[in-house]
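Working notes for the structure below.
Only the coordinates and a few stated rules stand behind these numbers; no lab work does. The model shown is predicted, which means the values in this text are computed figures rather than measured ones. Neighbour counts run over all protein chains shown; Cβ positions are idealised from the backbone, glycine included.
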Amino acid sequence: MLGQVGIPHEVIISDVDETIDGPPEVQVRELALRKANAVRGIVRDDAIIIAADTLVYIDGSVLGKPDGPDDAFEMLKTLQGRGHTVYTGVAILRISDGVIEEKSFVEATQVYFRELTDAEIWAYIGTGESFDKAGAYGVQEKGALLVERVEGDYFCVVGLPMAKLAVVLNEMGVRVWL
């Protein structure tokens, strides 16, 4: 998504423990901060580190990435015909001359699934998209066919709220506009 808006970047995968308790807003913010700080340990020069974490929340429960097809089915069955909240936490570290400036934020978006048949759920699981995504779906791919409507920032659901990110980066003195 950064490349889509002309922001040059390099992807560095952070390997952090994603075990955490607490309200969803706290979980995504803390996990984004963990990821950013893990990358900070790798980066040797001045840099801007952007890390994010996304989760799906429904009925007081967090839906992370499914453990397998049956788990994905149960998640999608729970979501079908109903609304749920997608939370994305973003952490930004700006490292300049050894000084670290840190900002973080959380966005929440309501997503409503249409009614789905079991056959439709299994067909979607068969695409393979379910297995590396919170809530077992990706709205930006074939999972778009599951979604009736989105209320809020679509990019929050994709995993990086771009408009808010641009505002925060500008607040930090990082120009992202043309």
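The charge dipole of region 3-171, taken about the Cα centre with unit charges on the Cβ atoms of Lys, Arg (+1) and Asp, Glu (-1), comes to about 320 debye, rounded to the nearest 20. In vacuum, with every alpha carbon of the chain counted as one equal point scatterer, what does the Debye formula give for log10 I(q)/I(0) at q = 0.17 Å⁻¹? Two decimals, please. Result of the Debye calculation: -1.06. Toward the positive end of the charge dipole of region 52-146, with +1 on the Cβ of Lys and Arg and -1 on the Cβ of Asp and Glu, the farthest Cα among ILE58, ALA91, GLN110 is that of GLN110.
Angle of helix 162-171 to the longest C-alpha principal axis of the chain, folded into 0 to 90 degrees and rounded to 10: 20°. Shape annotation for region 101-146: C-alpha extents along the principal axes are 49, 20, 13 Å, from largest to smallest. Loop-located trypsin sites (Lys or Arg not before Pro) across region 126-178 with a Cβ neighbour count of 10 or fewer within 10 Å are ARG175, with loop assigned by DSSP.
The trypsin sites (Lys or Arg not before Pro) of region 19-95 meeting both criteria, a DSSP state outside H, G, I, E and B (loop) and at most 15 other C-beta atoms within 10 angstrom of the site's C-beta, are ARG44, ARG82.
Site pair GLU10 and ASP132 shows an inter-label distance of 2.1 nm when each label is modelled 7 Å from Cα along Cα→Cβ. Each other residue within a Cβ distance under 14 Å of TYR154 adds +1 if Lys or Arg and -1 if Asp or Glu, for a net charge of -3. Rg and Dmax of region 105-178, both derived from C-alpha coordinates alone, stand at 15.4, 50 Å.
Taking other Cβ atoms within 10 Å as a rough exposure proxy, MET75, MET172, MET162 sort from fewest to most as MET172, MET162, MET75. Just checking the listed ones, VAL106, VAL43, VAL56: in the Gaussian network model of the chain with Cα springs under 10 Å, the one fluctuating most is VAL43. For the chain, the longest principal axis of the alpha carbon atoms and the long axis of helix 24-40 meet at an angle near 50°.
Projecting the Cα atoms of ALA134, VAL150, VAL26 onto the charge dipole of the chain (Cβ charges, centred on the Cα centre) puts VAL150 farthest toward the positive pole.
In the chain the longest region clear of GluC sites (Glu not before Pro) that are loop-assigned by DSSP and have at most 10 other C-beta atoms within 10 Å covers 11-114. Computed over the chain with a Gaussian network model linking Cα atoms closer than 10 Å, the most mobile of ILE121, ILE49, ILE13 is ILE13.
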